[in-house]
Amino acid sequence: MITTFRNLAVVFAVLAASGLARLPLDERLTGGLRRRGLLQEPLSIETREDLGQTGLAIALGGLRSLIASLLNLRAHVHWENQEWFELEQTYRTIHALQPRTRYYWEVAAWHLISNAYRDYHDKPGVPPGRRRELQKRFFEKGIGFLEEGVRKNPDDWRLWATLGFSHSQPWRPRNDAAAAEAYRRAYQLSGNLQTQRHYLYALSRIPDNRAAAWETAQAVWAAPHNRKFPTVRSTYYALQQWADPPPSRTLGIEEIFGSRRNALLNLADSWHLKEQGFPVYGFRETIEELCREFDVPEEIHPLRHPPRQWMGRHRGAFRDWVRRNR
Amino acid sequence: MSTPPAVEVHNLVKDFRGPLRRGTIRAVNKVSFQIAPGEVYGLIGPNGSGKSTTMKALLGLVAPTAGRCAIFGKDATKVDSRREVGFLPENPYFYKHLSGRETLRFFGKLCGMRDPELRNRTNELLELVDLTEARHRRLGGYSKGMLQRIGLAQALVQNPRLLVLDEPTAGVDPIGSRQIRDLILELRSQGITVFLCSHLLEQVQQVCDRVGIIDRGRLVREGRLDDLVAIEDQTEIVLANAPPELIEDLRRLATARKGVRWIRSGHPRTTLEGLFLREIPAPARPTNPPHPEPGAS
Amino acid sequence: MNQHPARTPFFSPRRVMILAGNTFTQLVRMKIFYFLLIFIVIAIVLNFFRLPHTVGPESVGAEELRSLKSPLIGVMKLFAVILGIAATALLIPRDLEDRTLYTILAKPVPRLDYLLGKFLGVLALILVGLAAMAILLNVVLHFRTQEILAERMALADGMIERGYWTEADRQGERLEVLRHGPTWSLQGALLAVFLEAAVIAAAALLISTFSSSTLFTVVITTLVYFIGHFVADGREFWLRTSSLGEDLTVHLASRALVVMFPDFRPFGVVDEAIAGQALPPSVLGALALSSFFYVGIYVVLSWFVFSDKEI
């Protein structure tokens, strides 16, 4: 008996001593791993409560990814039942478990920004005023998810791009400054040309920042791959008109659009973009000039109709005309 | 130059801690004895007398509180001393998942043996204990007697000079017992020392050269078996085919002497075991010369 | 004639291997490998699992691979840890009960060799089991990844055709899918699973030298396992807040208590590897070193206790 106690005491003493001795090493190892994003922070009290017993046991046993996957399935059920509050809650837990997994941030934001928003548009049983309020709230929560996501994953360019995209969607509240910043970060991290283009688009929709937009347009133009996108061309053209550089650095219509015909087609299409905030410097004059060149009839002239109407009714005829003529 | 005794136990004391209240229990109390090489020594005593503990101390399985044990001069607490010892524990279970052959090979390898020597020895021992047919069967399927026999084989696998047996024939049927006894005697004839514990006194009597009687941790009596059990003032003469007239003559001759008393004459009794073995033949065994039994005719 | 060397070596690798091999065989013949069958069934079922989605984020392919990896690796981890605890806790008490221990130690077998042999036998079993499951996991993962890769590449081709994407984009997409498939980092994570099991098995060994009951050992070791993970979380809380001007002895005592348990935090890199993160070899090296340290201490302490143990 006494031998057992003595042995126990020795064992405890050695364990405690060795534990204390390696304490700095342990902390250094774990700290280093956390900094590299290879380890997560400990679970907060709220998350533990949300997980329930079994979940907590498994999470403590060390497989958070498993719980996250299972919770993701549960979130899908919430989606199918259009239970947006529960869905949001589930994703909060998932994010606490796996903050470094882009998919969970993206899909959570997508559900709230696209699906919840759309659902509340005409959700039965909710009064109209409240609907609008909830739409707005869920949209902001969705954005909030993405913002938290990029805070936790500042190096994930795809997540930045998703954030940028969410700020600049048609049919959703738009924030060009935030979109521009997000796309800028995405481009900075990746060099991906698509993000660069979108950076330009977002930036060019900010009326107070034409100088930065012009600079960016030139950078975008520097990559040959970018030059074939219609919106790039029209935006470049508009910003060039605004910046009015010396002739040696001005690109002509043929240089930008490839041909005068392409220029006319492109500018006509891009004219309506001014409703979305895109710069359209010099479009009116140029379109008039080119329409005269191509003898475009008044009925299908892009500037004679409200843009939406023209797009819907006359665009096809216009394009056929321009293509056939000259 | 003297060879060290096979076993030397000197003032062995072993205390166990009882439940906290009751203090210590002295299981072995200053036990001393020696076993010369080539002897068969029996330690007998009632259950709980300290036999097993003494044995375990000798094998280094428990550490003595005081005193020392040595095997062929080597301290029993050192692993080295067990090189030359084979041990058959009471009610041995071996690894049930191993077959007979695998068991022997396992223990042989633990003793440092290698093929082909190990293979030969394994086959030889399986023959010796008559388990050749069952050698590929798992020990989980062995009967008690078979387990005892494989236990014996395992104890012998490394050709030990000392064999320690704890209750070798407990629970074994008479035929098995007989086989084990014969084996012990054969081993003795090969010069192997045997140290056994038993409470089956009859069987101890048949094999041991010397015995020690242990009770409540103390060695109360020790010595040569013949000396101990001989009833000193009596003489026994056994005759075969003696006619009744010869018996009468001897009787008159004896009683004519002063002080001699004729105690008894008649047919000596065989043992029940002898009768049993006569009626139920043992399975044929290739080796082993028949051993003369007292009283068999 | 048998040759007895002059002295029994204090520690003989050959003897340890014999005991380890015997332990391995013993455990295998206990039909542990039915566990493998369950694993195989789960793996096959999961292979056909498709996440319900219509339109959604593009990284859903990666999520499908994660949904394949995390349950399978979960089963592997469960297997390894349960075996590590239960098999080790079983060995010594069973030998004691069956008196096989007497027979073995009556041979010239030092107690250290015995302990090591048992322990290594359990580790060998876990290793073999994990290796078999790892192979299956990698095979299933490979096929699934190729499927998803084909889908994404078809999409990328379309995007390139329409002029939206460059070749660099396509490559990026390819790498993005592949990093969720069977990578070296994932294998490293599986190794980490083994290491964690080794540590807890060593802890079970230590605890089993104190008790003669398998059940007791299993319960205590399981507690140590969870506390080790939980304390890892609470450790920082303790260590930071416990220096709040309290009594020095209390402070030291609570610190000592916390550090007595193994620190399982670094093993959480398995989670991140499942999520597709890369695991540099240096991290694995550090983990391995840490595990060796734990195992070493526990085995030495086990030997210390076991040498004295009355059997």
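For region B:206-219, indicate whether the set of residues that are part of a helix (DSSP H, G or I) and away from chain C (no Cβ under 14 Å) is non-empty. For region B:206-219, residues part of a helix (DSSP H, G or I) and away from chain C (no Cβ under 14 Å): present.
Restricting to region B:110-125, name every residue that is basic (Lys, Arg), out of contact with any Gly (no Cβ under 8 Å at 6 or more places or on another chain) and assigned to a helix (DSSP H, G or I).
First, the residues of region B:110-125 that are basic (Lys, Arg): B:114, B:119, B:121.
With out of contact with any Gly (no Cβ under 8 Å at 6 or more places or on another chain) added as a condition, the list becomes B:114, B:119.
Across region B:110-125, the qualifying residue is only B:119.
Look through A:90, A:47, A:30 and report the one residue that is assigned to a helix (DSSP H, G or I), modelled with pLDDT under 90 and more than 7 Å from chain C (Cβ to nearest Cβ). Reasoning before the result, please.
On the way: A:90 fails: modelled with pLDDT under 90; A:30 fails: more than 7 Å from chain C (Cβ to nearest Cβ).
Of the residues listed, the single one that is assigned to a helix (DSSP H, G or I), modelled with pLDDT under 90 and more than 7 Å from chain C (Cβ to nearest Cβ) is A:47.
Among the candidates A:138, A:165, A:85, which residue alone is out of contact with any helix residue (DSSP H, G or I) (no Cβ under 8 Å at 6 or more places or on another chain), over 20 Å from residue C:66 (Cβ atoms) and of a type in the set (A, V, I, L, M, F, W, C)?
It is A:85.
Here is a list: B:110, B:61, B:118. Which entry is under 20 Å from residue B:153 (Cα atoms) and free of Cβ contacts under 8 Å to residues at least 12 places away in the same chain? Quick ask: steps written out before the conclusion?
Numbers: B:61 fails: under 20 Å from residue B:153 (Cα atoms); B:118 fails: free of Cβ contacts under 8 Å to residues at least 12 places away in the same chain.
Just one listed residue meets the conditions, B:110.
When only residues in region C:262-296 that are more than 30 Å from residue C:63 (Cβ to Cβ) and part of a loop (DSSP other than H, G, I, E, B) count, which is modelled with the lowest pLDDT?
Ranking the qualifying residues of region C:262-296, first place goes to C:263.
The single condition among (1) facing another protein chain (nearest Cβ under 7 Å); (2) more than 21 Å from residue C:291 (Cα to Cα); (3) part of a helix (DSSP H, G or I) that residue A:19 does not meet is (2). A search for C-beta distances below 8 Å between a residue of region A:43-55 that is surrounded by 11 or more Cβ atoms within 10 Å (Cβ to Cβ) and any residue that is not in a helix (DSSP H, G or I), counting only pairs 6+ apart in sequence or on different chains, returns A:51/A:43. Among the residues of region A:248-287, those identified as closer than 21 Å to residue A:316 by Cβ, more than 32 Å from the chain's Cα centre (by Cα) and surrounded by 14 or more Cβ atoms within 10 Å (Cβ to Cβ) are A:260, A:261, A:287. Among the numbered criteria (1) more than 7 Å from chain C (Cβ to nearest Cβ); (2) without any contact (Cβ under 8 Å) to a residue 40 or more places away in the chain; (3) on the phi < 0 side of the Ramachandran plot, which one does residue A:39 miss? Result: residue A:39 fails condition (1) only. Considering (1) in contact with a His (Cβ under 7 Å, 6 or more places away or on another chain); (2) away from chain C (no Cβ under 14 Å), the lone condition that residue A:85 does not fulfil carries the number (1). When residue B:85 is tested against (1) more than 10 Å from chain C (Cβ to nearest Cβ); (2) within 20 Å of the chain's Cα centre (by Cα); (3) of a type in the set (A, V, I, L, M), just one condition goes unmet, and that condition is (1). Taken as a whole, the structure places residue B:60 among residues that are within 8 Å of chain C (Cβ to nearest Cβ) and within 24 Å of the chain's Cα centre (by Cα). Looking only at region B:220-236, residues that are of a type in the set (Gly, Ala, Ser) and either assigned to a loop (DSSP other than H, G, I, E, B) or crowded, with 19+ Cβ neighbours inside 10 Å (or both) come to 1 in all. The number of residues in region B:91-105 that are at the interface with another protein chain (Cβ under 8 Å from one of its Cβ atoms) and farther than 19 Å from residue C:91 by Cα comes to 1. Here the condition is being farther than 21 Å from residue C:204 by Cα, among the small types (Gly, Ala, Ser) and either touching a residue at least 12 places away in the same chain (Cβ under 8 Å) or crowded, with 22+ Cβ neighbours inside 10 Å (or both); of C:87, C:150, C:132, it holds for C:132 alone.
The values are calculated or read from the model by the stated rules, or taken from the named source; none is laboratory data. Everything quoted here is computed from the prediction, not taken from an experiment. Note that each Cβ is placed from the backbone with ideal geometry, even for glycine, and that neighbours are counted across all protein chains shown.
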